[in-house]
Amino acid sequence: MLSVQGINVFYGKGIHALKDLSLEVGQGEIVTLIGANGAGKSSTLNTISGLVRPRSGSVVFRDMDITKLPAHKIVEAGLCQVPEGRRIFANLTVQTNLELGAYLRKDKAAIARDMQRVYELFPRLAERKQQPAGTLSGGEQQMLAIGRALMSQPQLLMLDEPSMGLAPLLVKEIFRIVQEINRAGTTILLVEQNARMALSIAHRGYVLETGRVVMTDSASVLAEVDEVRKAYLGG
Amino acid sequence: MRQELIERRLPWLILTVGVYLVISVTSALGILNDYHMINIITIGISIILGVSLNLINGFTGQFSLGHAGFMAVGAYTGAILTMKFGFPFPATLLCGGLAAAVVGLVIGLPTLRLRGDYLAIATLGFGEILRVLFINWSYVGGAGGMVVTQRYTNFHWVYAMTVLTIIVIRNWLQSAHGRACVAIREDEIAASSMGINTTLYKVAAFILGSFFAGVAGVLYAHAYYIVTPASFGFLKSVEILIIVVLGGMGSISGSVLAAIAITLVSVIFTPWPYLRMILYSLALIIVMVYRPGGLMGVKEIQLPALSLKKKEGQQVGTP
């Protein structure tokens, strides 16, 4: 479904953030990118979603070359990113945030149906429809960010650090919902620092180190590999 | 649904027509003299400038300090067209607005890539460049300015243009385009990850705002007999910005109220120019301390909907 081939990304003159990075995501999968700070996880997602331009390499999504498309065209193609740090519209209400998620869609009935589905998935949001999004707790904001992304009806949903700054119980809740979204038919590319959690729900994983893929396998195998256990899973 | 829409719009229609009739009649009867009328015209021009800048600064969140520059483009275009080519006034209004919009597009495309302070500095620079251009352009009178003998601008034109500005910008903001603009103000990256073409909407808001600033410029040129480069300096841009900030970044009715209030204050204190600047500044400080979001914040004035049909089953008292 998504195929990234040998992308190279530079920041300024000196920093070579991604080095010949390639990865594949198949229809219906949950694929996770794990790695330390600065390994290039977020850069990879930002490159796929068009926020960062690669100097070389290509990104192909459902047989369409999206390497040079602007960010909003990539969303139109069915690929939506939940950005790191959530980036909800703090002064607008929960409801308006979700409506903006459906910005590109015209089918009012289907939008209403999806809105209902998001509220079923996140009952806490339903209780806070008219509240400004900035007054939500961190976990609720993350839920809103995911819900807003779902409103664009993505084929592939990319999540950047959904567990960031959340209490362990909420992290579990978020991951359970991510799995649920996946079962309903949305492919997921997940970037996480919390490697244990990520590998527990993913089908496959890529381990990134200083801008390169150093290992890739099914999630259950990766969770057993010594280097991964030592480096990311705490023994 | 249609009925409901009419009921909600009716109070505004009555208010708009009412204000128009009251001012027209009182001025025809001589209760409002020429001095009053020129101040009312100033208020109208200030409202157009404030509301159009609010679209750029308040709703779309692009901090522009060059609004007087677009006004200057409109004013000079208008002056040239009526004085040198004898254009009729409606055509002049349209051309002045279009000229400012074209300049808005040319300036907007490169500068709207900048954010916050950088955009403010770039637009400020643009305003100064225009001013210097007009000073050195002898065709339009250089630093001495250009005399406009046709005094086309009257209360009716100003009122019509003010109402038109408010309606167009309000409708734009109520549409999906407006939601896109507000999303960009709130968070540009999030907006683009919703599929909003951020460059397009920033430039569109800039062009629309510039267009009405140009219209205000044409009205200005034909109200005061003379256009000089000095009238459109940095201070004029700040004056418009003050209207937007005082009224509330993101409130059309706030800009309208602030434009009226600021013009009135400066008119009332004209005999004491020094006191006037002190009061002006003091008012700003007080508003910023107690209402940092401006008088209206992001809210709009709401008029109660008028009910057209008789209320059914209305019972008085309970048994």
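The values are calculated or read from the model by the stated rules, or taken from the named source; none is laboratory data. Predicted, not measured: the structure shown is a model, and the values here were computed from it. With ideal geometry, Cβ positions are generated from the backbone for all residues, glycine too; neighbour counts draw on all protein chains shown.
Scanning the range A:136-156 for residues that are among the hydrophobic types (A, V, I, L, M, F, W, C) and more than 23 Å from residue A:169 (Cβ to Cβ) yields A:151, A:156. State the number of residues belonging to the range A:92-111 that are part of a helix (DSSP H, G or I) and within 24 Å of residue B:186 (Cα to Cα). Residues meeting the conditions: 9.
Just one of the listed residues (A:54, A:83) is in contact with a helix residue (DSSP H, G or I) (Cβ under 7 Å, 6 or more places away or on another chain), more than 10 Å from chain B (Cβ to nearest Cβ) and either closer than 29 Å to residue B:175 by Cβ or crowded, with 19+ Cβ neighbours inside 10 Å (or both), namely A:54. Every condition in (1) surrounded by fewer than 19 Cβ atoms within 10 Å (Cβ to Cβ); (2) more than 28 Å from residue B:182 (Cα to Cα); (3) in the same structural domain as residue B:226 (by TED's automatic domain parsing); (4) within 20 Å of the chain's Cα centre (by Cα) holds for residue B:20 except the one numbered (3). For residue B:274, work out the one condition from (1) at pLDDT below 85; (2) over 24 Å from residue B:9 (Cβ atoms); (3) touching a helix residue (DSSP H, G or I) at 6+ places or on another chain (Cβ under 6 Å); (4) not polar (S, T, N, Q) it doesn't fulfil. Going through the list (1) at pLDDT below 85; (2) over 24 Å from residue B:9 (Cβ atoms); (3) touching a helix residue (DSSP H, G or I) at 6+ places or on another chain (Cβ under 6 Å); (4) not polar (S, T, N, Q), residue B:274 breaks only (3). Would you call residue B:189 farther than 28 Å from residue B:87 by Cα and either surrounded by fewer than 20 Cβ atoms within 10 Å (Cβ to Cβ) or touching a helix residue (DSSP H, G or I) at 6+ places or on another chain (Cβ under 9 Å) (or both)? So residue B:189 passes the test. Those helices (runs of 4 or more DSSP H) of the range B:106-206 in which at least 2 residues are of a type in the set (Gly, Ala, Ser) and away from chain A (no Cβ under 14 Å), considering only elements entirely within it, cover B:116-135. For the range B:62-80, filtering for residues that are more than 14 Å from residue B:237 (Cα to Cα) and assigned to a helix (DSSP H, G or I) leaves 7.
Taken together, the criteria exclude residue A:67 from residues that are more than 23 Å from residue A:2 (Cα to Cα), more than 7 Å from every other protein chain (Cβ to nearest Cβ) and among the polar types (S, T, N, Q).
More than 14 Å from residue B:219 (Cα to Cα) and touching a residue at least 60 places away in the same chain (Cβ under 8 Å), is that true of residue B:166? So residue B:166 fits the description; yes.
Of all the residues in the range A:90-111, those that are surrounded by fewer than 24 Cβ atoms within 10 Å (Cβ to Cβ), farther than 16 Å from residue A:137 by Cβ and within 7 Å of chain B (Cβ to nearest Cβ) number 4. Scanning the range B:251-281 for residues that are of a type in the set (S, T, N, Q) and outside any helix (DSSP H, G or I) turns up B:251, B:270.
Quick check on the range A:121-155: of everything there that is of a type in the set (S, T, N, Q) and surrounded by 16 or more Cβ atoms within 10 Å (Cβ to Cβ), which residue is nearest to residue A:183 (Cα to Cα)? Once the filter is applied, the top-ranked residue is A:155.
With a requirement of 2 or more residues that are free of Cβ contacts under 8 Å to residues at least 24 places away in the same chain and closer than 23 Å to residue A:144 by Cβ, the helices (runs of 4 or more DSSP H) lying completely within the range A:160-223 that satisfy it span A:168-183.
Residue by residue through the range A:126-158, note down the ones that are over 15 Å from residue A:185 (Cβ atoms), more than 12 Å from chain B (Cβ to nearest Cβ) and either not in a helix (DSSP H, G or I) or not small (Gly, Ala, Ser) (or both). A:127, A:128, A:129, A:130, A:131, A:135, A:136, A:137, A:140, A:142, A:143, A:146, listed by residue number.
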